[in-house]
1. Taking the condition of being part of a strand (DSSP E or B) and of a type in the set (D, E, K, R), how many residues in segment 106-141 meet it?
2. Just one of Leu172, Leu167, Leu150, Leu160 is more than 24 Å from the chain's Cα centre (by Cα) and more than 18 Å from Ser41 (Cβ to Cβ); which is it?
3. Residue by residue through segment 164-177, note down the ones that are more than 24 Å from Asp129 (Cα to Cα) and surrounded by 14 or more Cβ atoms within 10 Å (Cβ to Cβ).
4. List the number of the failed condition for Ala400; all other conditions in (1) at pLDDT 95 or above; (2) touching a Lys or Arg at 6+ places or on another chain (Cβ under 6 Å); (3) small (Gly, Ala, Ser) hold.
5. Take segment 54-75 and flag every residue that is at pLDDT 95 or above and buried (at least 16 other Cβ atoms within 10 Å of the Cβ).
6. Suppose we filter Glu256, Glu315 for residues that are surrounded by 24 or more Cβ atoms within 10 Å (Cβ to Cβ), more than 21 Å from Ile191 (Cβ to Cβ) and not basic (Lys, Arg); which single one remains?
7. How many residues does segment 181-216 hold that are in contact with a Gly (Cβ under 8 Å, 6 or more places away or on another chain), under 16 Å from Gly71 (Cβ atoms) and of a type outside the set (A, V, I, L, M, F, W, C)?
8. Residue check: is Asp198 in contact with a strand residue (DSSP E or B) (Cβ under 8 Å, 6 or more places away or on another chain) and either crowded, with 24+ Cβ neighbours inside 10 Å or not assigned by TED's automatic domain parsing to the domain that holds Asp129 (or both)?
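The values are calculated or read from the model by the stated rules, or taken from the named source; none is laboratory data. Since the model is a prediction, treat every value here as computed from it, not as a measurement. We place every Cβ from the backbone using ideal geometry, glycine too, and count neighbours over all the protein chains shown.
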Amino acid sequence: MTLRRTKIIATLGPAVSETAVLLKLLQAGVDCVRLNMSHGSTAEHQNRVTQVRSCAQQLQKEIGIIVDLQGPKIRIKKFKKGFTQLKIGNTFILDTQHQESEGDDKIVGVGYPTLPQDVHVGDTLLLDDGLIVLSVQQIKASQVICDVKLGGRLSDHKGLNRLGGGLTAATLTEKDKTDIQFAAECQADYIALSFTRDSRDVIEARTLFEQAGGSGAVIAKIERVEAVENVEAIIHASNAVMVARGDLGVELGFAELPAVQKHIIARARALDRAVITATQMMESMRFQPIPTRAEVSDVANAVLDGTDAVMLSVETANGQYPVEAVAAMAEACVAVEKQRITKISQHRLECYFNQTDEAIAMAAMYMANHMDTKAIVALTESGSTPLWMSRIRSGIPIYALCRHPAVRRRMTLYRGVYPIAFDVMNYTLQDVDRFAVKTLAEHGIVASGDKVIVTHGDKLGSSGKANTLKVLTI
C-alpha cells in the first residue's frame, strides 16, 4: 500500500457520532480529529474524546486530538422569524443595543459593542461569509446604517466581517478560557486559537494551557487581516498554523486568498512549523459522494505547496458522506505525492546549524534523498528531530520511535512522519539500533537487504541530544 505523507484532519460531529462510523472514518485515513468548540456541549466533546481514544486503541493507530476554540466570532443577533430577506438597495441597520430576538428586514442587533467606533462611512461589511454585502452610509450612536449591495436570505447569529479587517475583539473569550481548561483535562494534543491577531495572543493561550496542566501544543489560526500582517511573529510563537480560509477569505477578498495561502505555507515550513490548510476543501461532499474536480485540484495544490495537513470541516461533522470524503481526500493526496516536485527540496541548504540535533536531522534527509533508502528511523523524546526532517521534501518515510504517547500523538500532524511506540530505556546504547530496526521489521515496514538511516543520541532518554546518524542494512 502506498504511504500518504500529507495528513488528514476530520472534524467530529453528529454525522460520525456512532462508533461504527467513527471506526470507518479513522480507517479511511484520518490522522487527527478536530473538536469544534463553537458547537456542542463540553459533555458531548468529552464523550468524543473517550470514543476516539477507544477506537484508536482498537485500530492500534495514533490519532491526534485538536480542541478548536470558538474565539470572538462577531455575530448578529436573532430575527423575530429566525431569518429575513434583504433586498439590494434597501437600508439595513446594525444596532449594538437592539433587543436579542427582535430583528427584521430593517434592523438587527449585533453582539459587538464597539462596532460604531470601529467602522467608518464607506466601509464594506460582510455577513454570512460574504453572501450578504453592506455599505456603511451613516453612523449614529449605537447604529451603523447601511445600504444593501448584495442581498439574500439572512438567518440568526451569522458572522460579521469588515472587508480589509479591523474588527478587533479580544482573541480569548471567557468561554475559550473554560475550553482551554477542558482541553488540558482531556489531555488534548493541540489547542487551535481562533481569530489570532498577533504573537501575544499565542503566548497568552499557551500560558493558560500550561497553567491548566496541558502538555499539548498551540495552533494559531490565520483568519484575520491583522494576522496576515503579523504572520512571521505568529509563526515563531506557535507550534503550527492553520490557513483558515473561511473568515480570512471574507476579510481579504476571495481573489487575494490563494497567494496568501501559498505565502503562509512557505513561511511556516521555512520556520520549521507545521501548517494546516482548511475550509471548503471537499464542501460539495456534504451532499454528494464524489468531489468536484475543482476541489480535488484545491487539495492537490495545497499538497504541492507543502502543507502538512488538509482539513475537513462540515464534510465530516454534518455531511451525508463523511467516510467517502476522507477516502477521496486521501486518494487525491496520494496521487499528487507521486509528482517529482513533492520529493525535491532546497530547504536550508545554505544554512549554518547551531544545534547538533538539527544538523543530524538535515544530514539524514540529505542522505535519504541521495541514496537507495527504504526508511528513516528517528528515535525521539520531544519530536523535534522528526519535525525538522519533515520540513524537507522527500519520498522517504520518517518513522518516529518514541516512548511518550502524547509526543506520538502530536507527531500525527507532521507531514511524512509515522509515530511508533518504542521505549529506548529498555535497551542499551549498543543494542538500541538493532531493536529499533527489528520493530520496523515486525510492522512489515522493512525486509532483508533494505537500507535504513537511524538517528538518536548517545544518552538515551534525553531530549535534544541527537548526535548519531547511521546507515544500516537489514
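1. Residues meeting the conditions: 1.
2. Leu150
3. Within segment 164-177, just Lys177 meets the criteria.
4. In the conditions (1) at pLDDT 95 or above; (2) touching a Lys or Arg at 6+ places or on another chain (Cβ under 6 Å); (3) small (Gly, Ala, Ser), Ala400 misses (2) alone.
5. Cys55, Ala56, Glu62, Ile63, Gly64, Ile65, Ile66, Val67, Asp68, Leu69, listed by residue number.
6. Glu315
7. 2
8. no
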